[in-house]
Amino acid sequence: MPAMRWTGEMSQITRRSFLKVSTQALLAASGMLGLGALLRYLGYQASPPPITQLDLGPASAYPPGSRTLLPDVPALLVHTEVGFSAISLVCTHLGCTVEPTPQGFACPCHGSEFDPGGLPRRGPAEKPLPSLQVEQDAEGRLILHVV
Ligand code: FES
């Protein structure tokens, strides 16, 4: 059996083999990444639908004259001698959450101000804060309609 000698041709074959194996490894890795992305896409679950009604509990929990911040909505529940009302705290400019102030509401994002009834007093917001429907069910619980 002849002894193997290191030649330039052998070196080229080795390089070629190395490049072939490297290319196959890169293709396999990119295929695995693509497969992972596909599996993530197929397993995607849309977020749950937004809450449209919120049970606020017994109406007796909100005494006349109370103003209750509902941060999860966000909204402000107001109980006056006329009854219950709620106002959305989503700014009508670009959707930031406005904050109650002694003069009404103020938006921290771009400076819009609203009067206590939600009407715009200072822009850039031009539309009033939306009123939300509040009703009392047969059991005396308050139901807030968010949308
Ligand atoms: S989002 Fe409220 S003023 Fe712009």
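Listed values, structure above:
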| read-out | value |
| --- | --- |
| Proxy reagent accessibility, fewest Cβ within 10 Å first, across 143, 13 | 13, 143 |
| Size of electric dipole in the chain: Cβ of Lys, Arg +1 and of Asp, Glu -1, about Cα centre, debye, nearest 20 | 1380 debye |
| Karplus 3J(HN,Hα) series, Hz, for region 116-122 with 6.51 cos²θ - 1.76 cosθ + 1.60 (x for Gly, Pro) | x, x, x, 6, x, 10, 8 |
| Rounded to whole Hz, the Karplus (6.51, -1.76, 1.60) HN-Hα couplings of region 91-102, x for glycine and proline | 4, 7, 7, 10, x, 5, 8, 7, 10, x, 10, x |
| Under 5 Å, built H, 5+ apart or other chain: amide partners of residue 121 | 113, 114, 115 |
| Extension gain, residue 18 back to residue 113 (0.36 nm per residue minus Cα-Cα distance, nm) | 27.3 nm |
| Cα gyration tensor category, rounded, prolate or oblate, for region 14-64 with a/c compared to 1.5 | prolate |
| Using θ = phi - 60° and Karplus 6.51 cos²θ - 1.76 cosθ + 1.60, couplings along region 74-84 (whole Hz; Gly, Pro as x) | x, 7, 10, 9, 10, 10, 10, 5, 6, x, 9 |
| Taking region 60-147 and dividing mean pair separation by its residue count, relative contact order in percent (alpha carbons under 8 Å, at least six apart) | 19 percent |
| For region 130-147 versus region 31-49, the gap between their alpha-carbon centres in whole angstrom | 38 Å |
| The chain - mean residue ellipticity at 222 nm from DSSP helices (-39,500 (n - 2.57) per run, n ≥ 4, rounded to 500) | -8500 deg cm²/dmol |
| R0 of 22 Å, Cβ-Cβ distance residue 147-residue 96: FRET efficiency to nearest 0.05 | 0.70 |
| Global form of the chain, assessed from the alpha-carbon gyration tensor, a/c cut-off 1.5 | prolate |
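Rule-based calculations on the coordinates, nothing more; no lab input. Only a predicted model underlies this, so the values are computations on that prediction, with no experimental measurement involved. Here the Cβ is made from the backbone with ideal geometry for all residues, glycine too, and neighbour counts use every protein chain on show.
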